[in-house]
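One structure is given here, and the rest of the page talks about it.
The values are calculated or read from the model by the stated rules, or taken from the named source; none is laboratory data. Note that the coordinates shown come from a computational prediction; the quantities given were computed from them, not determined experimentally. Heads up, the Cβs are rebuilt from the backbone with ideal geometry, glycines too, and the neighbour counts pull from every protein chain shown. For accessibility, only protein heavy atoms count, side chains too; no ligands or nucleic acids. Shrake-Rupley method; radii C 1.70, N 1.55, O 1.52, S 1.80 Å.
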Amino acid sequence: FMKAHITSTPPTALCYGVSDDVKAVLREQEIVMKEIRPDELGCEVGSFLGRGRTRTGAPAVPPTESLLLMADFSRAQMNRLLDALRAAQAAVDFKAVLTPTNRDWTVADLMKELARERAAMQGRVEA
């Protein structure tokens, strides 16, 4: 009897300021959840996953928005999670996927960028 050797990394959700509803959905989906504390907003995104350096120096004003950052999700896993969140009416302000680019950003910078993108999509571009 051999134990299956799992080489893939389980999907992980990095969360900042998410509601209990969101956490409940993540638990139901058996997704590893790592919560980011306000004093960790100055750390690089990848550092929460053991990738990349840890830069500290949190922003003076923690963002009011919530963030759900999906790492190591397959497309199917991501769609399943997003569908479940929608079904549970569990809202998150910013949903993003870990990329080789944003992995080296601080959480605060990633959230600023997401806010900028959202404003641009709504036609209110702040230079």
- Hits in region 23-44 (condition: closer than 17 Å to ALA87 by Cα and either open to solvent by 30 Å² or more (accessible area, probe 1.4 Å) or aromatic (Phe, Trp, Tyr) (or both)): LYS23, ALA24, ARG27, GLU28, GLN29, GLU30
- Does region 38-45 contain any residue that is closer than 14 Å to ARG103 by Cβ and modelled with pLDDT of 95 or more? no
- Query: Any chance region 88-108 includes a residue that's under 18 Å from THR12 (Cβ atoms), open to solvent by 70 Å² or more (accessible area, probe 1.4 Å), under 15 Å from the mean Cα position of the chain (by Cα) and modelled with pLDDT of 95 or more?
  - Reply: yes
- Message: Being within 19 Å of PRO62 (Cα to Cα) and among the hydrophobic types (A, V, I, L, M, F, W, C): is that true of LEU85 here?
- Response: no
